Every structure is written in C-alpha cells, then in structure tokens.
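Report on the following structure.
The values are calculated or read from the model by the stated rules, or taken from the named source; none is laboratory data. Model, not experiment: these values are computed from the prediction. A quick note on method: Cβ atoms are made from the backbone with ideal geometry, for glycine too, and the neighbour counts reach across all protein chains shown. Keep in mind that these areas ignore ligands, DNA and RNA; they rest on the heavy atoms of the full protein, side chains included. Shrake-Rupley method; radii C 1.70, N 1.55, O 1.52, S 1.80 Å.
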Amino acid sequence: MKEITLHDLKDALDRNEFQLYYQPKVSFQTGAIVGAEALIRWYEGHSGNNIINPGEFIPLAERTGFVSILTERIFDLLGKDAPLLMAQDPNLKIAVNVSPHDFKKNRIVNYMEQLEAKKTLAPTSLQLEITEETATTASDELVAVMMALTEYGVLFSLDDFGTGYSSLDVLSRLPFSEIKIDQSLVRQVSSNPKAKSIVSATIRMAHRLNMHTVGEGVETETAFRDMAFAGCEITQGYWISRPLPLADFLEFVALGHRWPTNVAGVLFQAQMDHIQWRHDLVDLYHGIADGVAAGSAEVTADLTRKISDHHACRLGMWCDGNARAYASLREFTALEAPHRRFHEIGARLIEKAVRHDTGECKDLLHEFSQLSTDILNCLHSLEDVIHRSSRAAAGGKGAGAASA
Ligand code: C2E
Ligand code: CA
Ligand code: CA
C-alpha cells in the first residue's frame, strides 16, 4: 500500500471521507450501555469501500498538527450524529479522542461552544479522552483549558493508562474523572496474576482520587468477568461490540441487551472504600487529638459537615447511584441507619478532638468501630442475597455476548 501523505488527508477531508464509528461502553453494575467512544474511520477513495483505520493516519496527523483540523471535523460529525444518539438515549456519554494540538488557541472550547450553540450535545454528555502520554507532557495552557472545560461540565478520561508514566502531578493536578485501563493490561488480566494485581491496585488508586475506571479491549467473556470481579465500573471491547457505524450503533442500543453483572467486585470496592474512609477519619482524629497531624485550623465547619454527611463519601454516593437497583432488598435498606450514625459519630469525634474534649471519646470510638462492622456485615449480606437471586434468575448461566 502506498504511503499516506498529508496531501491525501487534506483531499480526504475535502471529499468528506471521514466518518465516526461508535464503540459501546457498558456498565458492570447495570449491564447496560452507558455511552460510546467515537472513533474516526476514513472511507478512502471514490468507491468508499476501503476503510482505513486511524492507526494508519492519526500518527501523521499528530506529527503535522493536521489533527486539529481533523478534530474540528470530528466535532462537526458529532454535531450531526448527536441528535440521533441523544434521541436513542439521552443519558449516553459520548467520548472523543483529543490531542494536545486541540488545546492550543482555545480551539477545543470553540468546538464545544458550537456544539452547545446548536444545542446538539450538552457538555455534560461529552467526555474527552487524553492519552496518558499526552497528560504527562501537558502544558500549562492544556491544563488551563481542561480546568475551564471541567467547569463547563465536560468530563475527562485518562486514556491508555498503564502505557505511559503518570506522575503524582498528572493524577492529582489534572481533572480526570475516569481512568481507562489499557488493553495491554486488560488482555493479561485472566492469565497473569501480576496484571490482575496491577488492575486491582489501579482501581483502588482511582477511587482514592475520586475517579472511576474503564477496562478497555475486553475480548473474551473471561476477561469481562475478571474485570468485573476486580471492581472495574465500565468496560469496552470486542466481546461487547466492535466500533459500529452510527446506524448500527443505534440499532444495537435499541436492542436493549443486558450483559452479566457481577456485584462481587463492586461490593468489594464498596467495602474497601468504607474501610479506607474509616481509616482516614481515625487517622485525622488521632492526629488532632495528639496534636501531631492536622491542626484544628484545618478542620473547618465545612469539613465536619462533609464528614457528617453519609451521602458524601464514596460508599454513600454508590448507595445513591447504581446501588439504587437494590433498593427493594432488605439487606440494602439495612445499610442506611448504621451508615448515617457512623458519619454522625465521625463528625462528633473530630469536633471533640478539635476542642480537646476527651469525654466519651472511648465510647464513641467503640461505637464507631461497631457501626463499621455492621456496615461491612450489611455489604456481605447484600452480596450473598444478590448472588443467590441472580443465580436463581439465570439458572446458573450468564447472558451471552452480543455479536456485532
Ligand atoms: P484508542 O483511543 O485507545 O481507541 C481504542 C482502540 O482500540 C480503537 O481502535 C478500538 O477499535 C480498539 N479496540 C477496542 N476494543 C478492542 C478489543 O477488544 N480488541 C482490540 N484488539 N482492539 C480494540 P481504532 O479505532 O483503530 O483507533 C486506534 C487509535 O487511533 C485510538 O486508540 C486513538 O488513539 C486513535 N483515534 C481513533 N479515533 C480518533 C479520533 O477521532 N481522534 C484522534 N485524535 N485519535 C483517534
Ligand atoms: Ca480512546
Ligand atoms: Ca485507549
């Protein structure tokens, strides 16, 4: 095949040969499609039968800066596709791949504003995927634009995680809400115990940084189950579907497939989130009480209010979110009371530590621990009952993958 030149790309653009394909993203918690990644395809030549994948021309586009013109076209195409996507399901989140060039001169903000002006896609329905490699070399300009777009409601995904060298700086400074665990790791998750451990540790790290995870490149049922078991929230891969032209994607969503859900991973992460929260609270309490760590000045009224709010921790957000699916289960509703009380006591402990008031603290700490055990027991019972009912409903079998 002849080498692709910049001239070819410009011609292709003039001839409107670029199209968007959509690859579904599925929630491990609900088993439903929650969004899609838009991926560019080039229908090359006048016959339009030869489809060229982005791996063959995006590197050239990136090298030459032509990628920003392509991104502009991608946003135009998305603007045209978006009404149909939103009509199919207004909750779909559509992810677009962007490169550092797109952040120069506020280009990406302009594309976004045009989408919004035409009322085709709300910023909150859009996710922008930035590779780990790009993120590690992010300029101040790129970071500033990311911050501005986050204010606007746009979500950012850290793509290809595990292939670059994310630093503390990247993970803590840039406003990512999602980490996409790279295919190279996901592909090994079922055969390599170390890959499994890295995936598991990545999910824990993501939760600590208030992010969720997507497992990319899930090609087999085994990989799907292993990623679910690890507690990953969303998945994408050939086992669910290859990227599809718009019409096929819409048809695929309309089928309303439900992929198997596996609560073991999610509940494990919920337990770990709770244990971590308790650990941090006890650490803060002792730090203030012993006068060695955070001082009372750092404990604002805002912080104690947040501690007392059992909806604000990760477990609480999960209870208010995807876990609502279990609202009819006694094992789920039983969580509410100990969880609320646990947070109230947590806040009281911190208030007392700040005032150097040690009265009742021993009893409060004891009750705090007891409530934590009650919460963990509720989560165990919930896991048990969900497993039993899903086994009964499926007759011991999971749903199959959709072939597309
Ligand atoms: P990416 O962003 O990591 O996108 C995921 C790639 O993995 C896609 O390849 C997708 O088709 C493929 N994939 C998804 N699931 C599986 C699976 O289970 N197994 C295997 N083997 N592959 C899977 P695609 O569409 O060829 O895109 C390749 C790369 O090109 C993308 O990697 C992204 O870096 C770039 N790209 C694609 N579309 C765009 C675009 O619109 N703009 C920009 N700037 N880059 C794009
Ligand atoms: Ca991507
Ligand atoms: Ca990727």
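Quick notes on this one:
- Scan of region 158-193 for residues that are more than 15 Å from R208 (Cα to Cα) and of a type in the set (F, W, Y), ordered by number: F161, Y165
- All positions within region 303-325 that are in contact with a Cys (Cβ under 9 Å, 6 or more places away or on another chain) and crowded, with 19+ Cβ neighbours inside 10 Å: I307, H310
- Some residue of region 359-380 being surrounded by fewer than 19 Cβ atoms within 10 Å (Cβ to Cβ), polar (S, T, N, Q) and at pLDDT below 95: no
- Qualifying position, being under 23 Å from D182 (Cα atoms), out of contact with any Asp or Glu (no Cβ under 9 Å at 6 or more places or on another chain) and among the hydroxyl-bearing types (S, T, Y), among T124, T71, T137: T137
- Only one entry in V253, V282 is in a helix (DSSP H, G or I) and either under 30 Å from P90 (Cα atoms) or within 23 Å of the chain's Cα centre (by Cα) (or both), namely V253.
- Among residues of region 9-25 being out of contact with any helix residue (DSSP H, G or I) (no Cβ under 9 Å at 6 or more places or on another chain) and open to solvent by less than 80 Å² (accessible area, probe 1.4 Å), the one that is nearest to E251 (Cα to Cα) is K25.
- One residue alone among I179, I234 is closer than 23 Å to M86 by Cβ and within 16 Å of ligand 3 (Cβ to nearest atom), and that residue is I234.
- Some residue of region 216-237 being exposed (fewer than 15 other Cβ atoms within 10 Å of the Cβ), over 19 Å from the mean Cα position of the chain (by Cα) and modelled with pLDDT under 95: no
- Of residues in region 153-172 being within 15 Å of ligand 1 (Cβ to nearest atom) and either part of a strand (DSSP E or B) or among the aromatic types (F, W, Y) (or both), the one most open to solvent (accessible area, probe 1.4 Å): D160
- Some residue of region 299-310 being farther than 30 Å from V34 by Cα and in a loop (DSSP other than H, G, I, E, B): yes
- Against the conditions (1) touching a Lys or Arg at 6+ places or on another chain (Cβ under 8 Å); (2) in a strand (DSSP E or B), G31 satisfies every one except (2).
- Of all residues in region 70-105 being within 14 Å of ligand 2 (Cβ to nearest atom) and not in a loop (DSSP other than H, G, I, E, B), the one that is nearest to R41 (Cα to Cα): I74
- All positions within region 334-355 that are part of a helix (DSSP H, G or I), over 14 Å from D309 (Cα atoms) and either open to solvent by 10 Å² or more (accessible area, probe 1.4 Å) or not assigned by TED's automatic domain parsing to the domain that holds D302 (or both): A334, E351, K352, V354
- Which numbered condition Q23 fails, given (1) under 15 Å from L246 (Cα atoms); (2) away from ligand 3 (no atom under 16 Å from the Cβ); (3) assigned to a strand (DSSP E or B): (2)
- Subset of region 115-152 [exposed (fewer than 14 other Cβ atoms within 10 Å of the Cβ), within 30 Å of L84 (Cβ to Cβ) and over 19 Å from the mean Cα position of the chain (by Cα)]: A117, K118, K119
- The residue of region 173-218 that is nearest to ligand 2 (Cβ to nearest atom), among those that are touching a Leu at 6+ places or on another chain (Cβ under 7 Å) and not in a strand (DSSP E or B), is F176.
- Screening P59, P54, P100, P90 for residues that are assigned by TED's automatic domain parsing to the domain that holds P245, more than 15 Å from ligand 1 (Cβ to nearest atom) and of a type outside the set (D, E, K, R) leaves exactly one candidate, P90.
- Some residue of region 189-212 being exposed (fewer than 15 other Cβ atoms within 10 Å of the Cβ) and touching a Phe, Trp or Tyr at 6+ places or on another chain (Cβ under 9 Å): yes
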